[in-house]
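Working notes, structure below.
The values are calculated or read from the model by the stated rules, or taken from the named source; none is laboratory data. Fair warning: this is a prediction, and the values are worked out from it, not measured in the lab. Reconstructed Cβ throughout: ideal geometry from the backbone, glycine too, with neighbour counts over all protein chains shown.
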Amino acid sequence: MTDFIIYSPSYKRSDVARTHLLFNPDKFSYVVREEEQEAYRALGVKLKVIPAGAVSNIANTRNWILDHADCANIVQVDDDITCFNWTVKRLLKKLSVEELEEVLLTNFGICEDLGIKLWGMNLNHDPMSYSQNMPYSFNRPILGPFSASLGLDVRYDENLPLKEDYDLFLQVLNKHGMAMRANFLNYQCDHFDLKGGCQTYRTDEFESQQKAALQAKWGSEIVTQNQKNPDSVNMRIRL
């Protein structure tokens with residue numbers, strides 16, 4: 001059986017973090033800074049504690065998790081996930097704790113068989129957007145709210161703390177040629193409305209700078225402009 005551990009980086013959200021309710025508690029830990037550990041212990045969940053001063057943003061926090069994980073196969077998941085869904089006949093079926101664990105085991109097993117280093121879920125939870133003839137894809141974006149890795153051999157760019165997940169996905173494609181996304185699975189989260197986390201340093205100006213930096217790194221043929229929302233990221237992937 002494929003072993004894996006779930007880590008949820010969390011910062012200044014001990015009173016609103018809720019992702020732990022969706023997972024098997026034996027496999028789940030919040031990853032928190034040393035100065036906040038007592039506040040998070042009140043949630044009654046496992047913690048993985050980052051020493052004081054070791055991290056300053058989500059990019060180097062994610063790298064710390066990769067470098068200090070207790071297992072080669074890990075899930076990094078945001079602390080504000082409200083549910084995980086399976087799209088069935090244009091309807092969303094919320095996954096139970098047991099069903100979600102089985103889904104994770106299955107997809108880790110597929111990736112082990114195929115030699116895939118990174119897998120994730122659909123970013124869009126609207127069932128009408130799901131293409132039923134494409135349950136899996138191998139070049140569609142996998143972002144920070146849910147990403148699963150198997151002995152990942154690249155690291156997050158710490159100069160891109162608002163676009164680090166886009167960049168990691170592109171690094172994996174560039175090095176390995178594919179990353180697996182289970183398009184029939186999706187998540188719902190609330191990271192723009194809750195305090196703490198990346199919101200402590202997210203501004204409109206910094207968002208714009210980060211998008212420009214990502215585009216400068218990968219080129220305008222890959223990171224393209226969204227005309228409706230210039231600060232969001234569109235990616236054109238050519239394999």
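Things to note:
- Taking the listed residues D67, D78, the one that is touching a helix residue (DSSP H, G or I) at 6+ places or on another chain (Cβ under 8 Å), closer than 27 Å to L123 by Cβ and modelled with pLDDT of 95 or more is D78, with no other qualifying.
- When region 1-31 is filtered for residues that are among the β-branched types (V, I, T), farther than 17 Å from L152 by Cα and modelled with pLDDT of 95 or more, the ones remaining, listed by number, are T19, V31.
- Looking only at residues of region 146-174 that are part of a loop (DSSP other than H, G, I, E, B) and among the acidic types (D, E), we find that the one that is surrounded by the fewest Cβ atoms within 10 Å (Cβ to Cβ) is D153.
- Filtered residue count, region 175-188, keeping only those that are part of a helix (DSSP H, G or I) and closer than 17 Å to S137 by Cβ: 1
- Considering the conditions (1) in contact (Cβ under 8 Å) with a residue 40 or more places away in the chain; (2) of a type outside the set (D, E); (3) part of a strand (DSSP E or B), G109 is excluded by exactly one of them, (3).
- Test: residue in region 26-35 that is part of a loop (DSSP other than H, G, I, E, B) and in contact with an Asp or Glu (Cβ under 6 Å, 6 or more places away or on another chain): no
- Counting the residues of region 114-145 that are outside any loop (DSSP other than H, G, I, E, B), touching a Leu at 6+ places or on another chain (Cβ under 9 Å) and either hydroxyl-bearing (S, T, Y) or more than 18 Å from N234 (Cβ to Cβ) (or both) gives 4.
- Residue in region 57-64 that is without any contact (Cβ under 8 Å) to a residue 60 or more places away in the chain and under 16 Å from the mean Cα position of the chain (by Cα) present: yes
- Test: L143 is surrounded by fewer than 21 Cβ atoms within 10 Å (Cβ to Cβ) and under 18 Å from D67 (Cβ atoms): no
- Restricting attention to region 36-78 and to residues that are of a type in the set (D, E, K, R) and part of a helix (DSSP H, G or I), the residue that is farthest from L152 (Cα to Cα) turns out to be E38.
- Among the residues making up region 2-19, those that are more than 13 Å from the chain's Cα centre (by Cα), within 23 Å of I110 (Cβ to Cβ) and among the hydrophobic types (A, V, I, L, M, F, W, C) are F4, I5.
- Residues in region 37-68 that are closer than 16 Å to F23 by Cβ and aliphatic (A, V, I, L, M): L43, V45, L47, I65.
- Pick from region 82-131, criterion closer than 23 Å to N174 by Cβ and touching a helix residue (DSSP H, G or I) at 6+ places or on another chain (Cβ under 6 Å), ranking: surrounded by the fewest Cβ atoms within 10 Å (Cβ to Cβ): K117
- Scanning region 3-28 for residues that are crowded, with 18+ Cβ neighbours inside 10 Å and either out of contact with any helix residue (DSSP H, G or I) (no Cβ under 9 Å at 6 or more places or on another chain) or of a type in the set (D, E, K, R) (or both) yields a total of 4.
- For region 202-239, a tally of residues being under 24 Å from N60 (Cα atoms) and at pLDDT below 65 returns 1.
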